[in-house]
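Below is one structure, written out as structure tokens; comments come after it.
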Amino acid sequence: MSQTERRIYNPAVECISRDELHKLQGERLVKTVKREYENVPVYRARMDAAGVKPEDIRGLEDLKYLPFMEKTDLRDYYPFQLFASPKKDIIRIQGSSGTTGKPIVSGYTRNDIEVWSEMMARTLTAAGCTDEDIVQVTYGLGLFTGGFGAYQGADKLGAMVIPMSSGNTQRQITMMKDLGTTILCCTPSYATYLGETIREMGIDPAKDLKLKAGCFGAEPWTEEMRVRIEQLLNIDACDIYGLTEIAGPGVAFECLEKHGMHINEDHVIAEIINPTTGEQLPYGMPGELVFTTITKTGMPMLRYRTHDICTLTDDKCRCGRTLARMGRITGRTDDMLVIRGVNVFPSQIESVLVGADGVAPHYMLVVDRVNSSDTLEVQVELTEDMFGDTVSHIENVRKYITGQIKSVVGIASKVTLVAPKSIPRSEGKAKRVIDKRNLH
Amino acid sequence: MFIKQISVFLENHPGALREMTELLGKGGVDMLALSVADTQNFGIIRIIVSSDQIDPAVEALRANGYIAKVNHVICAEVPDRPLGLCELLALVEKAGLSVEYMYSFLRASRPGEAALILRFSNGEKAAKLFQMNSIKTLSQEDVDGM
């Protein structure tokens, strides 16, 4: 068996032709819509209100006619009203505490646990895991899907699982060393912390540990963090994506090419939509990620809006998989601005400003309305890279940035270069936008 | 031939230049030449100091959040009389060069001579031009001795 084959858990599906995949997705969608309409009164009422009957959905191309589902639906119809199977068929509840108000829960039938396990088995395999590996699960094992997801996937592969759950760093490191953990599953921030602690303790991962790869998710992270984790722990660090509403971790996963996350498209359909109008956007365009489950029976979700911003691509990956890939989550629709009718994400502006060192300078977007027309000012703190001793040099930098913003975002802006540290810093999450339009 | 210059980015707000010169002055930096280029939104300050003061000045500026860079400029002497500068500029023009900016030292390098700091569109070509026409340019040592 070749190296490539060994790294693909289910080649028949993961390397399926796009045409065959779309046919399969269409068939499964039709079934799911029928099931949902017949068993979930809440969603039936919504389809009726939208004037859509199950028989109107005949294939993948009809997906766009279905109404969306939102996180608020999971709260409003908590705990059981979105279940599409009788309670006796539900064998697991997972959920999230939610930072405000009611928790949300998802119900899984035996089929759903099997589907989720398969998705995680593919995920781990793509990071290089086999039945000879020792997988340390450092995601919390509980209502949170991280721990059980990783456990089930590794179990399905026949790997040796150490279900550590989260916390107790010293014990994590002891077990890692004594048992010879080869695959680590945790959040990227915890992986960084583990790595730093390991280094402080004088442990050399290359000599003293057997780690080779990690599957890190449950929070957004950056390429710089990947480089840092890979250096600290001497491993390949792969990004994974998932959400309780859809299954859990493993909805999408990176292979060792580390070039976007493959979506398990035989189980979910991914769309990118314009968050304002709801219309579907072509691959390559940034927008809101929307998922439809097509194999789940416990709590199927049709067109569930994640509010995460990313892009999709179906360019063939060097790993051989044909499954489409999603890029890193670059923001939330909550951060989106509508300026002169155009959707603008601060992350798009940030991507323009990233310098040769991979870091964007501090910036602030000031949106205003002058003579009933929206204006966008982009204040950018000057860096040494941008500075020169002539006015024309700085003017050229300013014009370059203005041009780049225009080409990436599609609207004209006024770029102002300001002195370092002159834009106010905020505690915690950086404040990037001042909207003076008083539209609310 | 070339001398070192510190350039600093300043935002246009009242007191900005005073704050910066205060910082340098308190650090014992003696400015031999200074120019202020301003636009609507920002200014570029260019400063010549003796070579031993360059690093301390740049470090102090950066430590206080300024963007500062060291670059190279030409310092040429022209006779301190009417048309002194004009003759030099005619030479530059004929050679197809242009002056990007220019300012002068706060004190004379020698009696009867004015020392100018010049940035050209092509510094190397300007340096050769001055050499061929026996126009005296100051070296870093000359500046240190001022």
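All of the numbers you see were taken from the coordinates with simple rules; none came from a lab. Since this is a predicted model, take the numbers as computed values, not measurements. Note that each Cβ is placed from the backbone with ideal geometry, even for glycine, and that neighbours are counted across all protein chains shown.
In a reduced charge model with +1 at each Lys and Arg Cβ and -1 at each Asp and Glu Cβ, the protein assembly as shown shows a dipole moment near 960 debye about its Cα centre. With respect to chain B, whose longest principal axis is taken over its alpha-carbon atoms, helix B:51-63 is tilted by about 40°. Here's how it looks for A:Val433: its modeled amide H is under 5 Å from those of A:Leu365, which are all 5 or more places away or on a different chain. On full extension, the segment bounded by A:Arg92 and A:Ser422 gains 113.6 nm, given 0.36 nm per residue less the C-alpha separation. As a calculated quantity, the FRET efficiency between A:Thr174 and B:Ser51 at R0 = 45 Å, using C-beta atoms, amounts to about 0.20. Approximating the spin labels as points 7 Å out from Cα along Cα→Cβ, the B:Asp144-to-A:Met285 distance works out to 6.4 nm. Averaged over the residues of peptide B:32-41, the number of Cβ atoms from other protein chains lying within 10 Å of each residue's Cβ is 2.
Comparing Cα centroids, the stretch A:11-42 and the stretch A:119-172 end up 28 angstrom apart.
If you fit an axis through the alpha-carbon atoms of helix B:84-94 and take the longest principal axis of the Cα set of chain B, what angle between them do you get, 0 to 90°, nearest 10? Helix B:84-94 sits at roughly 80 degrees to that axis. If you find the alpha carbon centre of the stretch A:366-405 and of the stretch B:1-78, how far apart are they in angstrom? The distance from the Cα centre of the stretch A:366-405 to that of the stretch B:1-78 comes to 23 Å. Remark: mean inter-chain Cβ contacts per residue of A:385-398 equal 5, using a 10 Å Cβ-Cβ cutoff to other protein chain atoms. In terms of overall dimensions, the C-alpha atoms belonging to chain B reach 43, 34, 27 Å along their principal axes, ordered largest to smallest. Counting, for every residue in B:63-76, the Cβ atoms of other protein chains within 10 Å of its Cβ and taking the mean gives 2. When Lys and Arg each count +1 and Asp and Glu each count -1, what net charge do the other residues less than 12 Å away from A:Lys156, Cβ to Cβ, add up to? Taking every other residue near A:Lys156 into account, the sum is -3. Restriction of the chymotrypsin sites (Phe, Trp or Tyr not before Pro) in the stretch A:316-404 to DSSP coil positions whose beta-carbon has at most 16 other beta-carbons within 10 angstrom yields no sites. Under the simplified labelling scheme, the B:Leu89-A:Glu224 pair shows an inter-label distance of 4.7 nm, with each label point 7 Å from Cα along Cα→Cβ. Descending by average beta-carbon neighbour count within 10 Å, the peptides B:11-21, B:135-145 line up as B:135-145, B:11-21, the highest first.
Count Lys and Arg as plus one, Asp and Glu as minus one, and take only other residues whose Cβ is under 15 Å from that of B:Lys125; the net charge is then 0. For the Cα trace of the stretch B:72-144, dividing Rg by the Kirkwood Rh returns an Rg/Rh value of 0.92.
Note on chain A: with a GNM built from Cα contacts shorter than 10 Å, the maximum mean-square fluctuation among A:Glu38, A:Glu254, A:Glu395 falls on A:Glu395.
Extension gain, A:Glu395 to A:Val342, is 16.4 nm, computed as 0.36 nm per intervening residue step minus the present C-alpha separation. Here the scattering of chain A is modelled by Debye summation over its C-alpha atoms, one equal scatterer each and no solvent; at q = 0.12 Å⁻¹ the log10 of I(q)/I(0) is -1.10.
Neighbours of A:Asp389, meaning other residues whose beta-carbon lies under 11 angstrom from its beta-carbon, give a summed charge of +2 when Lys and Arg score +1 and Asp and Glu score -1.
Spin-label model, A:Asp334/A:Glu377: points 7 Å from Cα along the beta carbon direction are separated by 2.8 nm. Each peptide in B:30-37, A:294-301, A:50-57 gets a packing score, the mean of other Cβ atoms within 10 Å over its residues, and the list from highest to lowest is A:294-301, B:30-37, A:50-57. FRET efficiency for the pair B:Val70 and A:Met201, taken as 1/(1 + (r/R0)^6) with r the Cβ-Cβ distance and R0 = 30 Å, rounds to 0.10.
On the basis of the beta-carbon distance and an R0 of 25 Å, A:Lys34 and A:Tyr78 show a calculated FRET efficiency of 0.50.
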